[in-house]
Amino acid sequence: MRDKFAYALATLGAIVLVRNLYLIFMVMPDEANQGMIYRLLYFHVPAWWTAFIAVGLSAIFSGLYLAKKNLRYDAMAVSVTEVALVFLTMGIVLGSIWGRIIWGVWWVWDARLTSALICVLLYAGYLMLRRSIEEPSQRARISAVFSLFAFVDVPIVWFSIRWWRTQHPQPMQLPPEMWHTLLWNWFGMALLTAALVLIRLDQEETDRKVQSMRHLAQFAYRS
Amino acid sequence: MDSRNFQFMFYGFTAAWLIVFVYVVTLVRRGSRLRAELKRQDALSERSGRHPLS
């Protein structure tokens, strides 16, 4: 049932995103100063929004795990974090490509870009950390603490353009039709994210089932 | 500027979709590996006559 719902969400998300590609390339005019490269913004900005919501959820599930010690919250946390990392990577890669044209360089070490890179590395580190711990409850506890620690970087990324003078631009004032397309793209990404998280969660539960079958089988054969 | 603009915009959109595509392929491969493993564990338990989760 959950599988079907996830595939329905993924299909709907794909339809919305493909429709948006038509709007982005065929309907939206070039931006006056940036030309056509500004179109990357329609993916760059929603990718970061989506990733931040996902890591926010990861922090909530991690907190819930620490409070209730229910491994289901740990499964939810790892599922949303993994999908968040996809969108964090997308955001940083698109930003870098945009910067190559607008700034003339792939990367600058300003507060926004540096804190964003740290954010990507922290969540990649979260997933690597999980692989290094065998025992499920110990893995869940340490990962939950690490996830809460990693989330501290998110407000720093978000507010860095206000707190420090950065090369990264301030939020742009977009005309309503551009906002409309941007929000639709975010909606498409949100649907896709929900679908990917549900599929990943299903896999996490299957993995847990396989692990417990293995352990119980070993225990049964020994006794 | 415009042809480079187009070229880099193309790189950007390709990269965005490629990142999602690679992740979806990873998910699909992991899903089939897990299903195969679950089937294998089930078969092992049935062969031994004791299902661990029963």
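The values are calculated or read from the model by the stated rules, or taken from the named source; none is laboratory data. Owing to the predicted nature of the structure, the values given are computational and were not obtained by experimental measurement. When we count neighbours, we look across all protein chains shown, and the Cβ atoms used for this are built from the backbone with ideal geometry, even at glycine. Note: areas computed on protein heavy atoms with side chains; ligands, DNA, RNA excluded. Shrake-Rupley method; radii C 1.70, N 1.55, O 1.52, S 1.80 Å.
For region A:179-223, the set of residues classified as more than 10 Å from every other protein chain (Cβ to nearest Cβ), open to solvent by less than 30 Å² (accessible area, probe 1.4 Å) and more than 19 Å from A:Ile15 (Cα to Cα) consists of A:Leu201 only. Taking the criterion of being open to solvent by 50 Å² or more (accessible area, probe 1.4 Å) and not polar (S, T, N, Q), the residues of region B:31-41 that qualify are B:Arg33, B:Arg35, B:Ala36, B:Lys39, B:Arg40. If the condition is being open to solvent by 30 Å² or more (accessible area, probe 1.4 Å), within 21 Å of the chain's Cα centre (by Cα) and under 15 Å from A:Asp74 (Cβ atoms), then region A:140-178 contributes A:Ile142, A:Val145, A:Phe146, A:Leu148. State yes or no: is B:Ser3 small (Gly, Ala, Ser), part of a helix (DSSP H, G or I), within 27 Å of A:Ile37 (Cα to Cα) and at pLDDT below 95? Yes, satisfied. In the set A:Val45, A:Val55, only one residue is β-branched (Val, Ile, Thr), touching a residue at least 60 places away in the same chain (Cβ under 8 Å) and open to solvent by 30 Å² or more (accessible area, probe 1.4 Å); that residue is A:Val45. Set side by side, the residues B:Tyr11, B:Tyr23 differ, and just one is at pLDDT 85 or above, open to solvent by 30 Å² or more (accessible area, probe 1.4 Å) and within 9 Å of chain A (Cβ to nearest Cβ), which is B:Tyr11. Residues that are small (Gly, Ala, Ser), within 14 Å of another protein chain (Cβ to nearest Cβ) and assigned to a helix (DSSP H, G or I) within region A:30-65 comprise A:Ala47, A:Ala51, A:Ala54, listed in sequence order.
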